[in-house]
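*Asks:* Questions regarding the structure given below will be posed in turn.
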Amino acid sequence: MPKNRLLISALALALVQIGFLSWIIASRAAILRNGQEVLLKVEPVDPRDLLRGDYVRLGYDISNIPAKLVANAPAGQSWTAAGPIFVRVKKDADGFWNATSASLGKAPATPPADGEVELRGEVSSSWTMDENATLRVDYGIERFYLPEGEGLAIERDMRVRSFGILAAVDKNGTPQIKALMDGETKLYAEPLY
């Protein structure tokens with residue numbers, strides 16, 4: 001009888017794990033399939049990881065948010081706690097999306113205006129509120145893995161012409177990378193599954 005219980009427990013645990021992994025994969029695919037598309041201008045940071053292969057570590061124009069765009073920034077105070085930030089972006093004439101406003105801690109009560117999309121990020125640095133202060137924001141889309149041997153060439157090309165990340169953003173502001181863009185050319189697209 002104890003053998004049967006152990007077998008049933010192991011099967012139940014395996015089903016829970018499979019269900020959880022399936023939920024994660026399906027959630028990501030839903031964002032890629034149904035999310036609002038935004039094109040973010042990128043710059044390379046570091047192209048390789050010896051253990052994981054080639055990738056491009058990405059920094060975005062919206063990775064450094066001027067504190068003056070943060071509606072609820074504590075005036076004249078230091079901010080040291082890392083935490084959520086909601087950044088509203090809007091498409092510019094060049095096709096890239098740029099920050100228009102931000103809110104610390106929670107999303108603003110008013111929905112984004114027409115043509116705006118709200119991204120959820122995490123403040124990753126401390127700052128003191130003054131006219132030149134900026135907040136460093138991570139969105140969870142700062143790495144893009146590439147086929148073996150292509151990271152250095154793409155990093156070099158990024159330094160001489162404009163590259164972008166086509167991201168899909170769900171209704172909660174969570175972004176997922178859909179594709180790496182070289183101008184109008186889609187270099188690499190992420191599969192749904």
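*Asks:* Would you work out which of Phe96, Gly183, Gly83 lies farthest towards the positive end of the dipole of the chain, given +1 charges on the beta-carbon of Lys and Arg and -1 on that of Asp and Glu, about the Cα centre?
*Replies:* Gly83
*Asks:* A further question follows. Send over the per residue convex hull volume for the chain, Cα only, as a whole number of Å³.
*Replies:* Working: hull volume 35.1 nm³, N = 193.
Dividing the Cα hull volume of the chain by its residues yields 182 Å³.
*Asks:* Let me ask something additional. What lysines sit close enough to Lys171 to cross-link, taking a C-alpha to C-alpha distance under 29 Å and skipping anything fewer than 8 places away on the same chain?
*Replies:* Straight-distance partners of Lys171: Lys41, Lys68, Lys90, Lys91, Lys106, Lys186.
*Asks:* So, one more: Given the rule -39500 (n - 2.57) for each run of at least 4 DSSP H residues, summed and divided by the residues of the chain, what is its mean residue ellipticity at 222 nm, to the nearest 500 deg cm²/dmol?
*Replies:* Values: 2 runs with 41 residues, N = 193.
Value at 222 nm, helices only, nearest 500: -7500 deg cm²/dmol.
*Asks:* Quick check: the angle from helix 2-34's long axis to the longest principal axis of the chain, C-alpha only, nearest 10 degrees?
*Replies:* Helix 2-34 sits at roughly 30 degrees to that axis.
*Asks:* Give the relative contact order (percent, whole number) for the chain; include only Cα pairs under 8 Å separated by 6+ residues. Walk me through the intermediate numbers first.
*Replies:* Details: 381 pairs, mean separation 52.4, N = 193.
Relative contact order comes out at 27 percent.
Since every read-out is calculated from the coordinates, none of them should be taken as a lab result. Fair warning: this is a prediction, and the values are worked out from it, not measured in the lab. When we count neighbours, we look across all protein chains shown, and the Cβ atoms used for this are built from the backbone with ideal geometry, even at glycine.
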